[in-house]
Amino acid sequence: MSAPKILVVEDTKSWQETYVEWFSGEDYAVTVAATLEDALKACQESRFDLAVVDINLSKGAGNRDGLKLVDTLRSDFPKTHIIIVSGSIDSDLAEQLRAQNLVFVPRNELQYLSFLETIRQKLKNIPSD
């Protein structure tokens, strides 16, 4: 059985490194994309079991490229599980995401062990190759 594939879509280098460290320690195959364009390209090249997506993919105010990616994943890659992690999201948007059955984790509540458990739960029923 091959390692589950995780796409990390995050523009902040320190968070990219954190995710890679966490997931590689769990024997997941990790691909990192910093932009919407890089994430879409990665999805064309490989199938991912799970995507961890930051909503704001640039330093510009109001950037919501992560939401565009979520829409694309849901329509074009429906078997890919999605977990949204963001440090700048309002409560209305958080509720909208949860109403769509999307997992949302506020970055200030992100804890290593509970986050890995969320990942494990999402990946436990993926079909083996």
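For the chain, the longest principal axis of the C-alpha atoms and the axis of helix 112-123 are separated by about 60°. Taking the inverse of the mean 1/r over every pair of distinct Cα atoms in segment 5-123 gives a Kirkwood hydrodynamic radius of 14.2 Å. Placing +1 on the Cβ of every Lys and Arg and -1 on the Cβ of every Asp and Glu, with no other charges, gives the chain a dipole of roughly 240 debye about its Cα centre.
Secondary-structure-derived ellipticity at 222 nm for the chain, considering helices only, amounts to -13000 deg cm²/dmol, per-run term -39500 (n - 2.57) for DSSP H runs with n ≥ 4. Fewest neighbouring Cβ atoms within 10 Å first, the residues D38, D90, D49, D54 line up as D90, D38, D49, D54.
In terms of overall dimensions, segment 36-86 has a Cα radius of gyration and Dmax of 10.6, 31 angstrom. Between segment 1-48 and segment 92-129, the C-alpha centres lie 15 angstrom from each other. Classify segment 71-121 from the C-alpha gyration tensor, please: rounded if a/c falls under 1.5, else prolate or oblate depending on whether a/b exceeds b/c. Oblate, since a/c reaches 1.5 and b/c is not below a/b. Rounded, prolate or oblate: pick one for segment 9-68, where a ≥ b ≥ c are the square roots of the eigenvalues of its C-alpha gyration tensor, a/c under 1.5 means rounded, and failing that, prolate if a/b is larger than b/c, else oblate. Since a/c reaches 1.5 but b/c is at least a/b, the shape of segment 9-68 is classed as oblate.
Only the coordinates and a few stated rules stand behind these numbers; no lab work does. These numbers come from a predicted model, not from an experiment. Neighbour counts run over all protein chains shown; Cβ positions are idealised from the backbone, glycine included.
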